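The values are calculated or read from the model by the stated rules, or taken from the named source; none is laboratory data. Since the structure is predicted, the reported quantities are computational estimates derived from the model, not experimental observations. When we count neighbours, we look across all protein chains shown, and the Cβ atoms used for this are built from the backbone with ideal geometry, even at glycine. Only protein heavy atoms, including side chains, enter the accessible area calculation; ligands, DNA and RNA are left aside. Shrake-Rupley method; radii C 1.70, N 1.55, O 1.52, S 1.80 Å.
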Amino acid sequence: MNVTVVGLGKIGLPLAVQFARKGAVVAGYDIDRALVEAINARHNPLPSEPGLTETLPGLIVSGHLRATTDPRDAAARADVIVLIVPVDIDAALEPDFALLDAAVDAIGPHLRRGALVLVETTVPAGTTRYRVGARLRDASGLVPGEGFALAFSPERVSSGRVLSDLADYPKIVGGIDELSTARAAAFYREMLDVEVMTVRDAETAEFSKLVETTYRDVNIALANEFARAADALGIDALQAIEAANSQPYSHVHAPGPGVGGHCIPVYPYFLLHPQAPGAPVAAELAPAARRINDDMAHYAVARLEAAAGALEGATVVVLGLAYRAGVKESRHSSAFGLVSALAGAGATAYVHDPLYTDGEIRAHGLEPPPSFPLPCDALIVQAWHAAYADLDFGAFPGLRAVLDARAALDPDDVRRSGAAYVGIGRPG
Ligand SMILES: NC(=O)c1ccc[n+]([C@@H]2O[C@H](COP(=O)([O-])OP(=O)(O)OC[C@H]3O[C@@H](n4cnc5c(N)ncnc54)[C@H](O)[C@@H]3O)[C@@H](O)[C@H]2O)c1
């Protein structure tokens, strides 16, 4: 079977490797020439993604996997085409389809009659049928459902554990018609060793991913609301949540300085912008949760000020640019909100992250510290990377307070250095 994966990013490349390991002849299509050349030279561009370094070179040598920047070369022989090019939000908080549209328009003219096209990128409901399907029809002259099969299957994995997640979570599949659903399900049954769950149609499958992600955002907003209430009362919200979660119907997540990454803080907005015809969507809880979570950076800085004194003229170091520990992914990271709240309080904010070079931090519009450790007034734990495990708070001259926004520290470790410990939902 010839399979083409469109978009060889943090998810697309491991996916291509998985299909190749299962015996498909896989072509990966990407517009990033350097990435394509590196892969063809048997170099793994994702060294922290488990399982790739061991498998990728052998799959290139055996001819099961290759990468290309040529859409004709990628698509003309493909039996199955998997689209995994991101859709983000723009400044107006509306879905930005530019990358996905460009990929579909490039592949479309070379679509083979009888091919199966699978969208895995998280998208607003209706995108597969009404946007991708329509563009493929215009570019190829083939009618979706007649000239080619078309289905949506949400990608539910997390970067840093893609291959193991692929072997763990049921694969949800919904097509634009029954045959598309059946063909998509058969493909995934051959390529993955997990249960394949078929749903009513492509829109239901698309919506299921928005349910999963919006649930988490709203849940975190609730945890943040609990944390703020508990902070006001001097109660330990983390202990209270842990205690509540010992009952099987309570699944409250953890409070924190905001919600980062390119999934959870983005997809609630997709609910409001369906691509399917229908009445306007009225949502209140999801936008409210977004506002609560986005405000947590200001709240965190206000907590820090309450413990450390006014931050006007102070130097504060945010530990972690990455949106979460151990992953070099910075999109919508809470580090940005914290830096802007610190600037609003008149502080000089530096961002330190062992996963990024100083140049990479500057390329994000942020400033790395001139040295590390360094004299400073406060530290904020935003992403507690493994490399921080031995961090000595006593090595930061003048340190007044540490805001542990991830509940990652032992408060006594901080206090031994003479600095105050501040948590979110955790009494100092
Ligand atoms: N990263 C995650 O943890 C995660 C988790 C679950 C689902 N997803 C889904 O996977 C999608 C992709 O995420 P990712 O982390 O792999 O993104 P990424 O940014 O790492 O990779 C995207 C790739 O697409 C390529 N690309 C951009 N425009 C293209 C075009 N016109 N034609 C071909 N290739 C093009 C880029 O060069 C890049 O290599 C997300 O939008 C999301 O829907 C991601």
Near pairs, Cβ below 7 angstrom, 6+ apart or cross-chain, from region 143-172 (more than 24 Å from Gly126 (Cα to Cα) and within 15 Å of the ligand (Cβ to nearest atom)) to any residue that is at pLDDT 95 or above and small (Gly, Ala, Ser) | Leu163/Gly51
Among the candidates Pro170, Pro144, single out the residue that is touching a helix residue (DSSP H, G or I) at 6+ places or on another chain (Cβ under 6 Å) and either at pLDDT 95 or above or under 19 Å from Tyr29 (Cβ atoms) (or both).
-> Pro144
Mind listing whichever residues of region 324-338 are open to solvent by less than 50 Å² (accessible area, probe 1.4 Å) and out of contact with any Phe, Trp or Tyr (no Cβ under 9 Å at 6 or more places or on another chain)?
-> Val327, Gly337, Leu338
Inspect region 323-330 for any residue being at pLDDT 95 or above and not in a loop (DSSP other than H, G, I, E, B) and give the result as yes or no.
-> no
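I'd like the residue in region 343-369 that is outside any loop (DSSP other than H, G, I, E, B) and touching a helix residue (DSSP H, G or I) at 6+ places or on another chain (Cβ under 6 Å) and, out of all such residues, is most open to solvent (accessible area, probe 1.4 Å).
Step one: of region 343-369, the residues outside any loop (DSSP other than H, G, I, E, B) are 343-344, 348-352, 358-363.
Of the ones still in play, those that are also touching a helix residue (DSSP H, G or I) at 6+ places or on another chain (Cβ under 6 Å) are 349, 351.
Values: Ala349: 20, Val351: 0 Å².
Of everything passing the filter in region 343-369, Ala349 is most open to solvent (accessible area, probe 1.4 Å).
Under the condition of being open to solvent by less than 30 Å² (accessible area, probe 1.4 Å) and under 19 Å from the mean Cα position of the chain (by Cα), which residue from region 6-29 is nearest to the ligand (Cβ to nearest atom)?
Taking the candidates together, the pick is Gly7.
Looking only at region 123-134, which residues are of a type in the set (A, V, I, L, M, F, W, C) and either open to solvent by 10 Å² or more (accessible area, probe 1.4 Å) or more than 11 Å from the ligand (Cβ to nearest atom) (or both)? First the steps, then the outcome.
Here is the first cut: in region 123-134, the residues of a type in the set (A, V, I, L, M, F, W, C) are 123, 125, 132, 134.
Selection gives Ala125, Val132, Ala134.
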Test each condition in (1) within 16 Å of the ligand (Cβ to nearest atom); (2) closer than 30 Å to Arg291 by Cα; (3) not polar (S, T, N, Q) for Arg72 and report the one that comes out false.
-> (2)
Name the residue, out of Phe372, Phe336, that is assigned to a helix (DSSP H, G or I) and not polar (S, T, N, Q).
-> Phe336
With criteria (1) over 18 Å from Phe187 (Cα atoms); (2) touching a residue at least 24 places away in the same chain (Cβ under 8 Å); (3) within 12 Å of the ligand (Cβ to nearest atom); (4) within 22 Å of the chain's Cα centre (by Cα), Glu94 comes up short on (3)
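Go through region 63-97 and count every residue that is of a type in the set (A, V, I, L, M) and surrounded by fewer than 18 Cβ atoms within 10 Å (Cβ to Cβ).
Going residue by residue through region 63-97, those that are of a type in the set (A, V, I, L, M) are 65, 67, 74-76, 78, 80-85, 87, 89, 91-93.
This time we only want the ones that are surrounded by fewer than 18 Cβ atoms within 10 Å (Cβ to Cβ), so: 76, 91-93.
Number satisfying all stated conditions: 4.
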Matching residues in region 106-122 - criterion: being more than 8 Å from the ligand (Cβ to nearest atom) and open to solvent by 10 Å² or more (accessible area, probe 1.4 Å) = Pro109, His110, Leu111, Arg112, Arg113, Gly114
Residues that are closer than 18 Å to Asn293 by Cβ and within 21 Å of the chain's Cα centre (by Cα), drawn from region 326-367 | Glu329, Ser330, Arg331, His332, Ser333, Ser334, Ala335, Phe336, Gly337, Leu338, Val339
